[in-house]
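The structure follows.
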Amino acid sequence: MHFPVYIFGIHPHLFFESLAYFIGFRVYLLTRNKERIPLDKAIWVVVGATLGAAIGSKVLYWFESPVKTVENWNNLIYLFEGKTIVGGLLGGLIGVETAKKFIGWTRSTGDDFVLPLAVGMMIGRIGCFLTGLDDHTYGVPTSWITGVDFGDGVKRHPTQLYEICFLLILIVFLIYLKRKQLGWEGLLFQLFMLGYLMFRFMIDFIKPTPHPYWILNNVQLASLLGIIYYISLVLKRQTEKRREIHA
């Protein structure tokens, strides 16, 4: 296979990223709980999520190499060319919460985003894989049977495919919980974020990105903060639920 793999003459990253946004939004409209939030308010939540994700993905990217970012503070191409999924997720969370405060909505809306996010991320990672070395999302060299030669004669971990497989397993597990009606409103999103952030924290140890924060890179540091936040959120809700039962 020759990388990048163009689709109908279109660069794979552009093609699949555009497809991810389109299909992800359609999945959200089709699967969202209509009784949880009206469509007019749901659109504002989506707007908040989109803007927050766009900002968060850029800001976290700038921390990949702080020295390089400072050196290129006036280079618009450098500042706007990169982005990270973890930054997008965490930024999207802030955007959603800000939008909810703006429209005066207090109920959890996260569960409606789980399937659209997972589908969109899996589609996007296909584009990352087909882009090859230019995308910088591959893993370190490996002798594993899963190793893929992206065009330079070196077999590397196809971390993009690992992520797709992980998301498939995670979404099947969360759909099972939803059908069994286990937990509380918002739990599915909390577990999705917790699971994905744990995965990214671990998988980034086999990515050849700079690790300027002791042994961690920017994504791992952000993932660790997110993991701590969501663990505390789940434990707090469990405690509240036990109190409700005893009461």
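The values are calculated or read from the model by the stated rules, or taken from the named source; none is laboratory data. On a predicted model such as this, the values are computed, not experimentally measured, just so you know. Neighbour counts run over all protein chains shown; Cβ positions are idealised from the backbone, glycine included.
One residue is enough: does region 74-86 have a residue meeting the conditions surrounded by 15 or more Cβ atoms within 10 Å (Cβ to Cβ), polar (S, T, N, Q) and either at pLDDT 90 or above or not in a helix (DSSP H, G or I) (or both)?
Yes, some residue in region 74-86 is surrounded by 15 or more Cβ atoms within 10 Å (Cβ to Cβ), polar (S, T, N, Q) and either at pLDDT 90 or above or not in a helix (DSSP H, G or I) (or both).
Another question, then. For region 131-151, does any single residue satisfy the condition of being of a type outside the set (Ser, Thr, Tyr) and closer than 27 Å to Ala49 by Cα? Explain how you work it out, then say what you get.
Within region 131-151, the subset of a type outside the set (Ser, Thr, Tyr) is 132-136, 139-141, 144-145, 147-151.
If we keep only those that are closer than 27 Å to Ala49 by Cα as well, we get 135-136.
Checked against the condition, which is being of a type outside the set (Ser, Thr, Tyr) and closer than 27 Å to Ala49 by Cα, region 131-151 yields at least one hit.
Looking at (1) touching a residue at least 40 places away in the same chain (Cβ under 8 Å); (2) surrounded by 14 or more Cβ atoms within 10 Å (Cβ to Cβ), which is the one condition that is false for Gly151?
(2)
Search region 93-141 for residues being among the polar types (S, T, N, Q) and either at pLDDT below 90 or surrounded by fewer than 19 Cβ atoms within 10 Å (Cβ to Cβ) (or both), and hand back the single one that is farthest from Val172 (Cα to Cα). Walk me through how you get there before you give the answer.
Pass one, region 93-141, residues among the polar types (S, T, N, Q): 98, 106, 108-109, 131, 137.
Among the residues that remain, those that are also either at pLDDT below 90 or surrounded by fewer than 19 Cβ atoms within 10 Å (Cβ to Cβ) (or both) are: 98, 106, 108-109.
Working: Thr98: 30, Thr106: 28, Ser108: 21, Thr109: 20 Å.
Across region 93-141, the extreme among qualifying residues is Thr98.
Moving on. Identify, please: which residue in region 181-227 is in a loop (DSSP other than H, G, I, E, B) and in contact with a His (Cβ under 9 Å, 6 or more places away or on another chain) and is, among those, nearest to Ile169 (Cα to Cα)? Break it down into steps so the answer makes sense when it comes.
Restricting attention to region 181-227, the residues satisfying the condition of being in a loop (DSSP other than H, G, I, E, B) are 181-186, 207-212, 214-215, 217.
Adding the requirement that they be in contact with a His (Cβ under 9 Å, 6 or more places away or on another chain) leaves 207-209, 217.
Details: Lys207: 22, Pro208: 25, Thr209: 26, Asn217: 26 Å.
Looking at the filtered set, the residue picked out is Lys207.
I would also like to ask the following. In the list Lys241, Lys236, which residue meets the criterion of being at negative phi, out of contact with any helix residue (DSSP H, G or I) (no Cβ under 8 Å at 6 or more places or on another chain) and in contact (Cβ under 8 Å) with a residue 24 or more places away in the chain? Walk me through it before giving the result.
Numbers: Lys236 fails: in contact (Cβ under 8 Å) with a residue 24 or more places away in the chain.
Exactly one residue qualifies, and that residue is Lys241.
Given the conditions (1) without any contact (Cβ under 8 Å) to a residue 24 or more places away in the chain; (2) in a helix (DSSP H, G or I), and given that Glu35 satisfies all but one, which numbered condition is not satisfied?
Of everything listed in (1) without any contact (Cβ under 8 Å) to a residue 24 or more places away in the chain; (2) in a helix (DSSP H, G or I), Glu35 misses just condition (2).
Are there any pairs, at least 6 apart or on different chains, whose C-beta atoms fall under 6 Å, with the first in region 48-70 and within 28 Å of Gly110 (Cα to Cα) and the second in a helix (DSSP H, G or I) and of a type in the set (Ser, Thr, Tyr), and if so, which?
Filtered contacts from region 48-70: Gly48/Thr98; Trp62/Thr69.
Shifting gears a bit: Which one of these is in contact (Cβ under 8 Å) with a residue 24 or more places away in the chain, surrounded by 13 or more Cβ atoms within 10 Å (Cβ to Cβ) and either at negative phi or under 21 Å from the mean Cα position of the chain (by Cα) (or both): Leu161, Leu177?
Numbers: Leu177 fails: in contact (Cβ under 8 Å) with a residue 24 or more places away in the chain.
Leu161 is the lone residue from the list that is in contact (Cβ under 8 Å) with a residue 24 or more places away in the chain, surrounded by 13 or more Cβ atoms within 10 Å (Cβ to Cβ) and either at negative phi or under 21 Å from the mean Cα position of the chain (by Cα) (or both).
A follow-up question, please. Among what's in region 102-155 and is aromatic (Phe, Trp, Tyr) and either part of a loop (DSSP other than H, G, I, E, B) or farther than 30 Å from Ile43 by Cα (or both), pick the residue that is farthest from the chain's Cα centre (by Cα).
Here is the first cut: in region 102-155, the ones aromatic (Phe, Trp, Tyr) are 102, 105, 113, 129, 138, 144, 150.
When the remaining residues are screened for being either part of a loop (DSSP other than H, G, I, E, B) or farther than 30 Å from Ile43 by Cα (or both), the result is 105, 129, 138, 144, 150.
Numbers: Trp105: 24, Phe129: 16, Tyr138: 16, Trp144: 26, Phe150: 24 Å.
The selected residue is Trp144.
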